[in-house]
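To keep things clear, I will list the structure first and then write my remarks on it.
The values are calculated or read from the model by the stated rules, or taken from the named source; none is laboratory data. Quick caveat: nothing in here was measured; it's all calculated off a predicted structure. When we count neighbours, we look across all protein chains shown, and the Cβ atoms used for this are built from the backbone with ideal geometry, even at glycine. What goes into the accessible areas is simple: the full protein's heavy atoms, side chains included, and nothing from ligands, DNA or RNA. Shrake-Rupley method; radii C 1.70, N 1.55, O 1.52, S 1.80 Å.
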Amino acid sequence: MAEVYKAYHPGLDHYVAVKVLHSFLVGEENFLARFQREARIVATFRHPNIVQVYDFDFDPENNAPYMVMEFIDGPSLKARLQEMAKTGERFSLEEAVHIVVSIAKALDYAHKHGMVHRDVKPANIMFNKEGEVILSDFGIARMVNTATLTASGAMVGTPAYMAPEQGIGKTGDERSDIYSLGVVLYQLVTGSLPFDADTPLGIVLKHINAPLTPPTVLNPDLPASIEAVIIKAPAKNPDDRYQSAQEFADDLERAFAGEHVERPPDQIVAGSDLATTERMLGGSPPPPPTIPPAAPTGPGIGRWLLIGGSILVLFIAGFMALLYTGAIGRMLASILAQVATPTPVVVIGTPTETPTPDLTATFNVESTQFAAWMATYEATTGVTPTPSPT
């Protein structure tokens, strides 16, 4: 949505960050009015964990709205996570709790001033040179016409951290931010995201439907109270989550201090089908189609005839198969006997030399006829004839 530049401010005599929103956004209906309204609200924020906005304006020459903010001279949480992933490291529990509690308090402050972030993720969490945790990009999501985006099939947010209600096209509320921060906490203590897929849409669908893998599966050393907090924050149903970011921060601090935190019911962890989730989140999925009951059927005469005919056909087929198999076997036996004892040839007259009998022709004619006769005889009488050597 924007490009960020490091700039020097002569009047303040220090560096600032200038976030220039892309000019194509200006073409959206009422964008400039939304930009000025949201930027004005964020510029009033005074919180140690929220980036300070100094100024905002619109550059008509370049058709670009921009915001002037404090320059954070440290890395983002996303960059830290990427570096740690290369070495197989993860944040200590103390560091993870400090980061999430700081952001939760920033969110609680903004929520009380009527501002929902809608895109809480590691890329928007930064560290200054003193090590303080700073949340940036407040108001940016609300500057976009979410109704226009939803109609075109787009969503505001980042799939890996997006709450289920945002995934089905709703704008979400303060509890959507709590869900996203819960996903961040899960990632910090386990080193992995709770849901992953080959496509952004696949990730969104898993946030809606797939059950949450308990974090102790990936980090068995995690205390039970910490796991209870992690499970509750990103619950599928907004009513099952923490209802305020301060409540989330309080429970996390108590759990880290060793106090008991009640584990949420198992249904909070479980997934559901899309229709159930939509109803749970306040949607109105179409009712299931009504299937007319089948007409009652009784054992009528047609049904019995069909069954009887099928049995008769199977019986005849089986009998013929047995008969055919027996004839084949006898024919093979006859062929083997003929090969072992060739049929004698009768010579009429007194030839000058004994001719070489055509055993092949004689064998083919006589053995075939003999085998056919044997098969017929046995099928008629039930007696297997014994061929004579002659």
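Under the condition of being within 17 Å of the chain's Cα centre (by Cα), open to solvent by 20 Å² or more (accessible area, probe 1.4 Å) and closer than 19 Å to Ala110 by Cβ, the residues counted in the range 161-214 number 1. Residues of the range 16-24 include none that is open to solvent by 80 Å² or more (accessible area, probe 1.4 Å) and among the charged types (D, E, K, R).
Would you mind stating whether Val4 is assigned to a strand (DSSP E or B) and either among the aromatic types (Phe, Trp, Tyr) or without any contact (Cβ under 8 Å) to a residue 60 or more places away in the chain (or both)? For Val4, the condition - assigned to a strand (DSSP E or B) and either among the aromatic types (Phe, Trp, Tyr) or without any contact (Cβ under 8 Å) to a residue 60 or more places away in the chain (or both) - is met.
Listed by first and then second residue, the pairs linking a residue in the range 89-118 that is in contact (Cβ under 8 Å) with a residue 60 or more places away in the chain and on the phi < 0 side of the Ramachandran plot to a residue that is of a type in the set (A, V, I, L, M) and open to solvent by 50 Å² or more (accessible area, probe 1.4 Å), with Cβ atoms under 8 Å apart and 6 or more places separating them unless they lie on different chains, are His113/Ile41; Met115/Ile41. Checking each residue in the range 224-239 for being crowded, with 19+ Cβ neighbours inside 10 Å and closer than 28 Å to His113 by Cα picks out Val229, Ile230, Ile231, Lys232, Ala233, Pro234, Ala235, Lys236, Pro238. Can you name every residue in the range 53-100 that is in a strand (DSSP E or B) and of a type in the set (Gly, Ala, Ser)? Across the range 53-100, the qualifying residues are Ala64, Ser76.
Among the candidates Arg80, Arg90, Arg40, single out the residue that is among the basic types (Lys, Arg), in contact with a Phe, Trp or Tyr (Cβ under 9 Å, 6 or more places away or on another chain) and surrounded by 17 or more Cβ atoms within 10 Å (Cβ to Cβ).
Criteria check complete, one pass: Arg80.
All conditions but one from (1) open to solvent by 50 Å² or more (accessible area, probe 1.4 Å); (2) in contact (Cβ under 8 Å) with a residue 60 or more places away in the chain; (3) farther than 30 Å from Leu222 by Cα; (4) not small (Gly, Ala, Ser) apply to Pro48; the one that does not is (3).
Given the structure, is Ala160 over 23 Å from Arg263 (Cβ atoms) and in a helix (DSSP H, G or I)? The answer is yes for Ala160. Restricting attention to the range 63-77 and to residues that are closer than 30 Å to Gly191 by Cα and of a type outside the set (D, E, K, R), the residue that is surrounded by the most Cβ atoms within 10 Å (Cβ to Cβ) turns out to be Leu77. Before we move on, is Pro60 open to solvent by 80 Å² or more (accessible area, probe 1.4 Å), in contact (Cβ under 8 Å) with a residue 40 or more places away in the chain and either more than 30 Å from Asp250 (Cβ to Cβ) or not aliphatic (A, V, I, L, M) (or both)? In short, no.
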